[in-house]
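Trainee: Please read through the structure below; I'll follow up with questions.
The values are calculated or read from the model by the stated rules, or taken from the named source; none is laboratory data. These figures come from a predicted structure and were not determined experimentally. Here Cβ is always computed from backbone atoms with ideal geometry, including for glycine, and neighbour counts include all displayed protein chains. Please note that ligands, DNA and RNA were not included when accessible areas were found on the heavy atoms of the full protein model with its side chains. Shrake-Rupley method; radii C 1.70, N 1.55, O 1.52, S 1.80 Å.
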Amino acid sequence: MVGKLTWYRATASITCALFDRSKFFDKHDCLKKAIDEKNGCLIDNYVQTNRQATGDLLEPVLIKEAARRLGITEFEADVDYAIKHPTLPLQASLDGRCKAVNLKVKHDPSNGIYVVGHKELILNGDMPIECKCSSDFPAVEEPPKYLGVDQLHTSMNILQADYGILIVLYQSTDFRIYVYKKDAEFGSKMADAVLDFNRRVDEEDYYPPEKPSHAVTIFSEGNEESEKILDAETVDIIDTIQALKETQKIAKQKHDELMTDLMMAMGNHSKARAAEYVLEWKTLPAKEAQVKEVQYKAAPERRAGFVKIKRTG
């Protein structure tokens, strides 16, 4: 289910970010949200997209079909409550949940069933179900970790389940069911990441920044009252930034010059070859100009994503 049933501490949906392998968000943003929520100043501006709404609509149908193919008769296709880890500060909101008793599941790609790492498994007990709809093409083996794999393994640990089911609908029609066995190594690493995240929330200890947007997260408000004098080491950083900007400028100018020479060499030909290179200079179709009314609204104040540098002398 797309939506928030859980708190803004560690959840199954962010463990992929805590492992630095999320495609859609990173651990720095997750930590900032958790700290803001703790302090009562979180602005929750989440708006469900059209794709997410469609995914919500399809999930119960996909879960029911997966249960039918696997031979599962006891399942929930619309879980509207959060589950909590028995010992860790960790929660999850499940897409589905099921139970099985000595249910044999075989690896059967022709029927959309993939038993990950095994030819067959005997399913027993309570199991979480994670469901994803993706516009991506399917991977050869299992889905990427960010496409529900880490989330499912986290939910398995919360439920103390030995097995879990990940459903992925690729490209609207390629329906696949991935059956996983519990990974003990994942549970240990997950516990370390969750406890570290929780400590950082309590102590407001941000992760070391890796790019400008992370620095903006840490220092989201600027002090306009005073000026800070920086040391000589910082001057070296500024000098290097300025040198890189000049190098980029020169590279851009040279790129444009050489691209012009290449276009003149091709003339009115749309395709050309040069040794091992195949060249194409397309003629783009005309497009009707779209004119729409622009509405303006006040945006919230925020820190810039860069430091403006100006030499004084």
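Trainee: Based on this model, can you work out whether Asp192 counts as open to solvent by 90 Å² or more (accessible area, probe 1.4 Å), free of Cβ contacts under 8 Å to residues at least 40 places away in the same chain, over 30 Å from Ser155 (Cα atoms) and in a helix (DSSP H, G or I)?
Mentor: So Asp192 does not fit the description; no.
Trainee: Select from the stretch 198-241 the residues that are under 21 Å from the mean Cα position of the chain (by Cα) and aromatic (Phe, Trp, Tyr) and write down the one among them that is farthest from Gly40 (Cα to Cα).
Mentor: Among residues in the stretch 198-241 that are under 21 Å from the mean Cα position of the chain (by Cα) and aromatic (Phe, Trp, Tyr), the one farthest from Gly40 (Cα to Cα) is Tyr207.
Trainee: Looking only at the stretch 27-53, which residues are touching a residue at least 40 places away in the same chain (Cβ under 8 Å), within 17 Å of Thr217 (Cβ to Cβ) and open to solvent by less than 80 Å² (accessible area, probe 1.4 Å)?
Mentor: Lys27, His28, Asp29, Cys30, Leu31, Lys32, Ala34, Ile35, Lys38
Trainee: Restricting the stretch 5-62 to residues that are among the charged types (D, E, K, R) and closer than 15 Å to Leu147 by Cβ, which is farthest from the chain's Cα centre (by Cα)?
Mentor: Restricting to residues being among the charged types (D, E, K, R) and closer than 15 Å to Leu147 by Cβ, the top hit is Glu59.
Trainee: Hey, any hits in the stretch 245-264 for a residue that's assigned to a loop (DSSP other than H, G, I, E, B), over 35 Å from the mean Cα position of the chain (by Cα) and either at pLDDT 90 or above or under 27 Å from Ser213 (Cβ atoms) (or both)? Working first, answer last.
Mentor: Our first condition is that a residue be assigned to a loop (DSSP other than H, G, I, E, B); within the stretch 245-264, this holds for none.
No, because not a single residue in the stretch 245-264 is assigned to a loop (DSSP other than H, G, I, E, B), over 35 Å from the mean Cα position of the chain (by Cα) and either at pLDDT 90 or above or under 27 Å from Ser213 (Cβ atoms) (or both).
Trainee: So which of Gly71, Gly148 ends up being in contact (Cβ under 8 Å) with a residue 12 or more places away in the chain, open to solvent by 40 Å² or more (accessible area, probe 1.4 Å), in contact with a Leu (Cβ under 8 Å, 6 or more places away or on another chain) and under 24 Å from Tyr170 (Cβ atoms)?
Mentor: Going through Gly71, Gly148 in turn, just one is in contact (Cβ under 8 Å) with a residue 12 or more places away in the chain, open to solvent by 40 Å² or more (accessible area, probe 1.4 Å), in contact with a Leu (Cβ under 8 Å, 6 or more places away or on another chain) and under 24 Å from Tyr170 (Cβ atoms): Gly71.
Trainee: Can you find even one residue in the stretch 120-127 that is under 27 Å from Ala17 (Cβ atoms) and either open to solvent by less than 70 Å² (accessible area, probe 1.4 Å) or of a type outside the set (Lys, Arg) (or both)?
Mentor: Among the residues of the stretch 120-127, at least one is under 27 Å from Ala17 (Cβ atoms) and either open to solvent by less than 70 Å² (accessible area, probe 1.4 Å) or of a type outside the set (Lys, Arg) (or both), which makes the answer yes.
Trainee: Being among the hydroxyl-bearing types (Ser, Thr, Tyr) and over 17 Å from Lys181 (Cβ atoms), is that true of even one residue in the stretch 109-122?
Mentor: yes
Trainee: When Asp162 is evaluated against the numbered criteria (1) in contact (Cβ under 8 Å) with a residue 60 or more places away in the chain; (2) surrounded by fewer than 17 Cβ atoms within 10 Å (Cβ to Cβ); (3) closer than 20 Å to Arg97 by Cα, which criterion, by number, is the only one it fails?
Mentor: Going through (1) in contact (Cβ under 8 Å) with a residue 60 or more places away in the chain; (2) surrounded by fewer than 17 Cβ atoms within 10 Å (Cβ to Cβ); (3) closer than 20 Å to Arg97 by Cα one by one, Asp162 breaks only (1).
Trainee: Okay, next question. Checking Ala82 against (1) touching a Leu at 6+ places or on another chain (Cβ under 9 Å); (2) open to solvent by 40 Å² or more (accessible area, probe 1.4 Å), only one condition comes out false. Which one?
Mentor: Result: Ala82 fails condition (2) only.
Trainee: Could you please let me know if Ser22 is under 30 Å from Phe175 (Cβ atoms), at pLDDT 90 or above and in a loop (DSSP other than H, G, I, E, B)?
Mentor: Working: under 30 Å from Phe175 (Cβ atoms): yes; at pLDDT 90 or above: yes; in a loop (DSSP other than H, G, I, E, B): yes.
Yes; evaluated as a whole, the condition is true for this residue.
Trainee: It is to be established whether one or more residues within the stretch 231-240 are over 30 Å from Ile35 (Cβ atoms) and exposed (fewer than 10 other Cβ atoms within 10 Å of the Cβ).
Mentor: The answer is yes; a qualifying residue exists.
Trainee: Go through the stretch 104-145 residue by residue and tally those that are without any contact (Cβ under 8 Å) to a residue 60 or more places away in the chain and in contact with a helix residue (DSSP H, G or I) (Cβ under 7 Å, 6 or more places away or on another chain).
Mentor: 7
Trainee: So in the stretch 195-222, with the set limited to residues that are open to solvent by less than 70 Å² (accessible area, probe 1.4 Å) and outside any helix (DSSP H, G or I), which one is farthest from Phe25 (Cα to Cα)?
Mentor: Applying the first criterion (open to solvent by less than 70 Å² (accessible area, probe 1.4 Å)) to the stretch 195-222 yields 196-198, 200-201, 205-207, 213-218, 220, 222.
Within this subset, residues satisfying the condition of being outside any helix (DSSP H, G or I) are 205-207, 220, 222.
Details: Asp205: 19, Tyr206: 16, Tyr207: 14, Ser220: 18, Gly222: 24 Å.
Result: Gly222.
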